[in-house]
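Report on one structure; see the data block that follows.
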Amino acid sequence: MNRVKLALPKGRLMSETAALLDQACWGMHDYYEGTRSYRVTCEKFPDLMTKIFHEKDIPIQVATGNYDLGICGLDWVEELIVKYPNSALIKLKDLGYGEGAVFAVGIRNGENSELDAIKARRNTVRLVSEYPNLAESFALKLRLRRFSVFPLWGAAEVYPPDSADLALIAATPGATTFNHGLRVIDTVFSFGACLIANRDRWESHDLSEVLQSLEDTVPAWHQSHFDTKSAPKPINDDSTENGPFTPIPERVVRLALPDGHQQSSAVALLKKAGLRMDDYPSPAGNRRPAIVGMEDISIKVIRPQDMPQQVAAGNFDLAVTGIDWLRDHLYQFPDSPATDLLDLKLAPVRIVALVSNELPVSNGYELRELWSRRAAGIRVASEYTNIADSYARENHMGRYRIIPTWGASEAFLPEDADLLIENTQTGQTIARHNLKIIDTLFESTGHLIGNRDSLTDPVKQPVIQRIIGILQRAVEN
């Protein structure tokens, strides 16, 4: 068999994909939920090169020719193709598992057709989604007069109606209930796990041995999700998980708190500050907690990566996020109204430049000298695309290419990137993946950031200063 490269998903599709490959007797014992390895060996095909990626990265890796084949959800394939229709991607097979649907959801609006009301609007319709390209395509399909799309890292369902009018989110087919009275406005499309291939490799190389093994394991061509559109089930109007949404008065200060790894340290700081939180963190997934006794503050729990842009857009007055994400935002938008207010000393990490241990360099200068003697430009992978771009320019890396990643970034080195800009707390993950630090860019901690216009608002300014004072005393004590 010719050398074939296969990209496999981590996350939601991992267990079912592992079961599929086990049924095909591939002997991929390193591929299981909780594995710490990104490289997987295959007993059936010893020459098969297999690597584990965040699902969203797989269509990009296959389209660019870094991998011949990939398994991922059709939702991420369509997210790429809708913006780049000439991508070198072929959708080979629906694998019959991982079914879901992308829904457009919004607030209940009486008995009228929400979709017709949205189409008729003359002011700007705000859409948020992890699928910004699909959201833009959806807005164009509706022929909206004016719209804006905010790309997110997640938690899109918490934004309507005060921070957005519509959210495009993935859920199980036929989903009927969403938090705070949100309902399905339209079903964008249905999807499932699929096998994809790079078109050039498909046409020029023999991939038949690997494909035949999968074909024998999934003998029936399942009803394709590629062109289907399932109608949602009727909405149960009596189900309003976490209660219906109450409009937020203009005088109320809107504060964003983090989910993810920063949440525990944020909870500890709020407790130290004497602020009693109602349902944060929430076992039920409530993303609209409250501070007991402080009705002039409204809270949402969102991804820290999204906070600088949302603060800049005026959807929040304050937010608790890493200074790394604010810097990444400001590198792209230096005149942004999002500004740093207070170092909360939360969840310290270092932002570092990494290379493979096998690369004979120990600093940025040596890396630049090494690549100056090579014809190919350096490939820089990172979740911090703007920080990575600034670092490459400031260090005169010559011709370079930024590769956006969505997690599992260590997997990219050394085959799919030459340099990685990443955060680290202990360095254990770096060592485990045979990487080394050649430069430390800066240390990042959780900060309180704010919207510059909100700081001068005569109504909100006293509340904001009170919050800053409470948190500052907690940090200093």
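What follows is calculated from the coordinates using simple rules that are stated; it is not laboratory data. In this text the structure is predicted, and so the values were computed from the model without any measurement. No Cβ is skipped: glycine too gets one built from the backbone with ideal geometry, and neighbour counts run over all protein chains shown.
Volume of the convex hull of the chain (Cα atoms only), normalised per residue: 164 Å³. Derived value for region 251-477: Kirkwood hydrodynamic radius 18.9 Å. Basis is the mean of 1/r over every pair of different alpha-carbon atoms. Extending 7 Å from Cα along the Cβ direction at LEU370 and again at THR440 yields two label points whose distance is 2.1 nm. Summary of packing: across the peptides 193-201, 88-96, 277-285, the per-residue average of other C-beta atoms within 10 Å ranks them, highest first, as 193-201, 88-96, 277-285. Per-residue ellipticity at 222 nm from helix content only, as computed over the chain with -39500 (n - 2.57) for each DSSP H run of at least four residues, stands at -7500 deg cm²/dmol. Among 257-267, 301-311, the peptide with the highest mean count of other Cβ atoms within 10 Å heads the list, and the full ranking is 301-311, 257-267.
Bridges between two residues of the chain, per DSSP, are antiparallel at a rate of about 60%. Could you work out the local net charge near PRO151, counting Lys and Arg as +1, Asp and Glu as -1, over the other residues with Cβ closer than 9 Å to its Cβ? Result for the neighbourhood of PRO151: -2.
DSSP beta bridges in region 100-190, what fraction antiparallel, as a percent rounded to 5? Before the final figure, lay out the partial values.
On the way: 12 of 21 bridges.
Among the beta bridges of region 100-190, antiparallel pairing accounts for roughly 55 percent.
Scaling against 2.2 N^0.38 Å puts the C-alpha radius of gyration of region 4-95 at 1.05. What are the residues whose amide H is under 5 Å from the amide H of ASN357, where those residues sit 5 or more places off or on another chain and H is modelled from the backbone? Long-range HN contacts for ASN357: LEU435, LYS436. Across region 450-464, computed HN-Hα scalar couplings (Karplus, 6.51 cos²θ - 1.76 cosθ + 1.60, θ = phi - 60°) run x, 8, 4, 5, 5, 5, 9, 5, x, 7, 7, 4, x, 5, 4 Hz from first to last residue, x flagging Gly and Pro. Across region 390-400, coupling constants 3J(HN,Hα) worked out from phi with the 6.51/-1.76/1.60 Karplus curve, θ = phi - 60°, read 5, 5, 5, 5, 5, 9, 6, 6, x, 6, 9 Hz, and Gly and Pro carry x.
Couplings for region 336-342, taken from phi via the Karplus curve 6.51 cos²θ - 1.76 cosθ + 1.60 with θ = phi - 60°, read 4, x, 6, 9, 7, 10, 7 Hz in order; Gly and Pro are left as x. Mind checking which of ASN286, ASN423, HIS261 is farthest towards the positive end of region 251-477's charge dipole, using Cβ charges of +1 (Lys, Arg) and -1 (Asp, Glu) about the Cα centre? Result: ASN286, furthest along the dipole toward the positive end.
Residues whose amide H falls under 5 Å from that of HIS447, counting only those 5 or more places apart or on a different chain, are THR321, GLY322, ILE323, LEU344, with hydrogens built in the peptide plane.
Given 0.36 nm per residue, what is the gain on full extension from THR217 to ALA117 after removing their alpha carbon distance, in nm?
31.3 nm
Please order TRP325, TRP153 by the number of other Cβ within 10 Å, starting at the fewest.
TRP153, TRP325
Which order results if CYS42, CYS72 are arranged by neighbouring Cβ count within 10 Å, fewest first? In order of increasing Cβ crowding within 10 Å: CYS42, CYS72. Diffusion of region 100-190 by Stokes-Einstein, at 37 °C in a medium of 0.692 mPa s and with Rh set to the Kirkwood radius over alpha-carbon pairs, works out to 255 µm²/s. With Cα atoms defining each centre, region 131-180 and region 445-477 are spaced 30 Å apart in the structure.
Of the residues LYS141, LYS119, the one with the fewest other Cβ atoms within 10 Å heads the list, and the complete ranking is LYS141, LYS119.
Can you list which of the GluC sites (Glu not before Pro) found in region 1-99 are DSSP loop residues with at most 13 other C-beta atoms within 10 Å?
Filter output for region 1-99: GLU33, GLU43.
Near the amide H of ASP439, within less than 5 Å, lie the amide hydrogens of ALA353, all on another chain or at least 5 residues away, with H placed in the peptide plane.
Note on region 67-100 and region 270-306: Cα centroid distance 37 Å, given to the nearest whole angstrom.
For the peptides 462-470, 338-346, residues were scored by their other Cβ atoms within 10 Å and the scores averaged per peptide; the highest-first order is 338-346, 462-470.
Cross-link reach is defined here as a Cα-Cα straight distance under 25 Å, omitting same-chain residues fewer than 8 places apart; for LYS271 the lysines meeting it are LYS300, LYS345, LYS460. For region 251-477, the share of DSSP beta bridges that are antiparallel, to the nearest 5, is 60%. Under the combined filter of DSSP loop state and at most 11 neighbouring Cβ atoms within 10 Å, region 329-387 retains none of its chymotrypsin sites (Phe, Trp or Tyr not before Pro).
List the lysines whose Cα sits under 22 Å from the Cα of LYS436, skipping any in the same chain fewer than 8 residues away. Partners found: LYS51. Placing dummy labels 7 Å off each Cα toward the beta-carbon, the span from LYS141 to ASP200 is 3.1 nm.
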